Amino acid sequence: MAELITVLGASGSIGVSTLDVIARHPERYQVFALTGNSRVDVLAEQSQRHRPRYVVTGSRQAAAALEPRVPAGCRVLWGEEALAEVAAHADVDTVMAAIVGAAGLLPTLAAARAGKKVLLANKESLVMAGDLFMAAMREGGGALLPIDSEHNAIFQCLPTGYRDAADAGVSHILLSASGGPFRTRPLDSFDSVTPDQACAHPNWAMGRKISVDSATMMNKGLELIEACWLFGVEPDRVQVVIHPQSVVHSLVAYVDGSVLAQLGNPDMRTPIAHALAWPERIASGVAPLDLMAVARLDFEAPDPQRFPCLALAADAVRSGGDYPAALNAANEVAVAAFLDHRLSFTAIAKVVEAVLNDWSASEPCSIAAVQHADRTARQLAQTYSEAMAL
Ligand SMILES: NC(=O)c1ccc[n+]([C@@H]2O[C@H](COP(=O)([O-])OP(=O)(O)OC[C@H]3O[C@@H](n4cnc5c(N)ncnc54)[C@H](OP(=O)(O)O)[C@@H]3O)[C@@H](O)[C@H]2O)c1
């Protein structure tokens, strides 16, 4: 019988790539539910092609607009509860968690608690609520497979049955970063960066929020936090390495001096196909890697002056408690303001830093506490964004 899959965030960049891989293997995979927020046209077209049982939108208005455009037998739902329902539904085997930002937390958590195989693109779930999320995965008993290309690469370089770094003889993890579009841009021109320039990533085609995070390297900071939770390592065992070609997706260094790497073209369909079929392998549609055409692989250390967000994220994970949740919330508010032309590019890091400086941390022992921290940090970030507005 085909595996039934819910794709959370189907209308986004990861969602579209996921459906592309699924469509290549109709005998293995069938779509159970598709979700999106506002892109009704994309959801209408996807529902006609993949014939899911449910489509979920973010609002009543979007659901009403979509209703006449879905095939017969497909139900249209909307809102947070419906997202959690299609993520945890008894008939579902696998959930692709690809909603962007904090909005992904509750449905991803619902899938974890229900014991689904969770394909995790929504790194924010781990950044905001790492401890609670990992506990939910353990209690649910499902498998957790990383979709971020770097974490998927690390997963592939770790031994089967990996429990922790010491047990596996891991010395440290090398987390690859492209350096984004501004790796060599003169620092004194950073204030004039526009949203379109920040979203023009040299190697990856992604949603706008993660593209800005790649330009500030906050994305790598969030990924550092994600790696700590996924692989049970201390932040000091994760070294960020800039690798502009985005061919070596990450590496694992072992205590005997061996370093294992995973390579491939920069196309998210590879980690998606890997996670979907794990522990088997299936075709993804990605072209084979031509190393002669790549010709060279460069590595360099990130410049802390150019990428202050990286240190902010590293400090937040070292401080623990709800610092990472505050970091994530402040960054989401600042990035939204930047994309809306209300904040300069360099002010993103300043807003996040100001929020973290004001933050009095606590240990979030429930999801309600995480959500409270998220709301509080958003309010603070809003105030700072207005004070630093263009
Ligand atoms: N893109 C990549 O290559 C990549 C790589 C690694 C990890 N990731 C991670 O994957 C996640 C998705 O990234 P993306 O680039 O695919 O983002 P994206 O293209 O912006 O897509 C985001 C998806 O989330 C939906 N969404 C947005 N706000 C929502 C809300 N409030 N409630 C419910 N759904 C909502 C969007 O719906 P509408 O579009 O219909 O509004 C869309 O389906 C992020 O966590 C990102 O960090 C992405």
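Within region 76-88, does at least one residue satisfy the condition of being away from the ligand (no atom under 15 Å from the Cβ) and either over 24 Å from V21 (Cα atoms) or out of contact with any helix residue (DSSP H, G or I) (no Cβ under 8 Å at 6 or more places or on another chain) (or both)? Walk me through how you get there before you give the answer.
Looking only at region 76-88, we keep the residues that are away from the ligand (no atom under 15 Å from the Cβ), and these are 88.
Imposing the further condition that a residue be either over 24 Å from V21 (Cα atoms) or out of contact with any helix residue (DSSP H, G or I) (no Cβ under 8 Å at 6 or more places or on another chain) (or both) reduces the set to none.
The answer is no, given that none of the residues of region 76-88 is away from the ligand (no atom under 15 Å from the Cβ) and either over 24 Å from V21 (Cα atoms) or out of contact with any helix residue (DSSP H, G or I) (no Cβ under 8 Å at 6 or more places or on another chain) (or both).
Of the residues that make up region 66-74, is at least one more than 25 Å from C199 (Cα to Cα), at pLDDT 95 or above and near the ligand (Cβ under 9 Å from one of its atoms)?
So far as region 66-74 goes, no, none of its residues is more than 25 Å from C199 (Cα to Cα), at pLDDT 95 or above and near the ligand (Cβ under 9 Å from one of its atoms).
Looking at the structure I just gave you, is L343 buried (at least 21 other Cβ atoms within 10 Å of the Cβ) and over 19 Å from A102 (Cα atoms)? Quick ask: steps written out before the conclusion?
Numbers: buried (at least 21 other Cβ atoms within 10 Å of the Cβ): yes; over 19 Å from A102 (Cα atoms): yes.
Spelling it out, L343 is indeed buried (at least 21 other Cβ atoms within 10 Å of the Cβ) and over 19 Å from A102 (Cα atoms).
Which number in (1) under 23 Å from the mean Cα position of the chain (by Cα); (2) surrounded by 12 or more Cβ atoms within 10 Å (Cβ to Cβ); (3) without any contact (Cβ under 8 Å) to a residue 60 or more places away in the chain marks the one condition that A368 misses?
Every listed condition holds for A368 apart from (2).
Read through the list (1) closer than 18 Å to V127 by Cβ; (2) surrounded by fewer than 17 Cβ atoms within 10 Å (Cβ to Cβ); (3) of a type in the set (F, W, Y), then give the number of the only condition that F299 fails.
(1)
Taking region 355-370 only, how many residues are under 20 Å from G101 (Cβ atoms), in a helix (DSSP H, G or I) and touching a helix residue (DSSP H, G or I) at 6+ places or on another chain (Cβ under 8 Å)? If you could, list the steps in order and put the result at the bottom.
Step one: of region 355-370, the residues under 20 Å from G101 (Cβ atoms) are 355-356, 359, 364, 367-370.
Of the ones still in play, those that are also in a helix (DSSP H, G or I) are 355-356, 367-370.
Within this subset, residues satisfying the condition of being touching a helix residue (DSSP H, G or I) at 6+ places or on another chain (Cβ under 8 Å) are 355-356, 367, 370.
Of the residues in that region, 4 qualify.
Looking only at residues that are outside any strand (DSSP E or B) and within 10 Å of the ligand (Cβ to nearest atom) in region 127-151, which one is farthest from E280 (Cα to Cα)?
Residues of region 127-151 that are outside any strand (DSSP E or B), as a first pass: 127-143, 147-151.
Those left that are additionally within 10 Å of the ligand (Cβ to nearest atom): 127, 147-151.
Numbers: V127: 29, I147: 16, D148: 19, S149: 18, E150: 19, H151: 18 Å.
Top of the filtered list is V127.
In region 299-345, what count of residues is obtained for those that are closer than 25 Å to R185 by Cα and in a loop (DSSP other than H, G, I, E, B)?
Counting residues in region 299-345 that are closer than 25 Å to R185 by Cα and in a loop (DSSP other than H, G, I, E, B) gives 13.
Yes/no per residue for (1) away from the ligand (no atom under 14 Å from the Cβ); (2) among the charged types (D, E, K, R); (3) in the same structural domain as L119 (by TED's automatic domain parsing); (4) farther than 19 Å from L343 by Cβ:
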{"residue": "L187", "(1), (2), (3), (4)": "yes, no, no, no"}
{"residue": "V193", "(1), (2), (3), (4)": "yes, no, no, no"}
{"residue": "W204", "(1), (2), (3), (4)": "no, no, no, yes"}
{"residue": "D213", "(1), (2), (3), (4)": "no, yes, no, no"}
{"residue": "E223", "(1), (2), (3), (4)": "no, yes, no, yes"}
{"residue": "I242", "(1), (2), (3), (4)": "yes, no, no, yes"}
{"residue": "V248", "(1), (2), (3), (4)": "yes, no, no, yes"}
{"residue": "G264", "(1), (2), (3), (4)": "no, no, no, yes"}
{"residue": "P279", "(1), (2), (3), (4)": "yes, no, no, yes"}
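Can you say whether V118 is hydrophobic (A, V, I, L, M, F, W, C), farther than 26 Å from G141 by Cβ and crowded, with 23+ Cβ neighbours inside 10 Å, as far as the supplied structure shows?
Numbers: hydrophobic (A, V, I, L, M, F, W, C): yes; farther than 26 Å from G141 by Cβ: no; crowded, with 23+ Cβ neighbours inside 10 Å: yes.
No.
Take L19 and decide whether it is within 13 Å of the ligand (Cβ to nearest atom) and not in a helix (DSSP H, G or I).
On the way: within 13 Å of the ligand (Cβ to nearest atom): yes; not in a helix (DSSP H, G or I): no.
So L19 does not fit the description; no.
When residues of region 157-175 are filtered for being surrounded by fewer than 18 Cβ atoms within 10 Å (Cβ to Cβ) and outside any loop (DSSP other than H, G, I, E, B), how many remain?
4
Every residue in region 208-237 that is closer than 14 Å to F307 by Cα, small (G, A, S) and in contact (Cβ under 8 Å) with a residue 40 or more places away in the chain, please.
The answer is A215, G221.
In region 43-56, is there at least one residue being within 23 Å of the chain's Cα centre (by Cα) and among the small types (G, A, S)?
So the first thing to find is which residues in region 43-56 are within 23 Å of the chain's Cα centre (by Cα), and the list is 43, 46, 55-56.
Still in the running and among the small types (G, A, S): none.
No, that holds for no residue.
So, in region 266-292, how many residues would count as being surrounded by fewer than 16 Cβ atoms within 10 Å (Cβ to Cβ) and out of contact with any helix residue (DSSP H, G or I) (no Cβ under 8 Å at 6 or more places or on another chain)?
8
If you check V259 against the conditions, is it surrounded by 12 or more Cβ atoms within 10 Å (Cβ to Cβ), more than 23 Å from the chain's Cα centre (by Cα) and not assigned by TED's automatic domain parsing to the domain that holds R24? Before you say what the answer is, go through the steps one by one.
Numbers: surrounded by 12 or more Cβ atoms within 10 Å (Cβ to Cβ): yes; more than 23 Å from the chain's Cα centre (by Cα): yes; not assigned by TED's automatic domain parsing to the domain that holds R24: yes.
So V259 fits the description; yes.
The values are calculated or read from the model by the stated rules, or taken from the named source; none is laboratory data. Since the structure is predicted, the reported quantities are computational estimates derived from the model, not experimental observations. Virtual Cβ from ideal backbone geometry, glycine too; neighbours counted across all protein chains shown.
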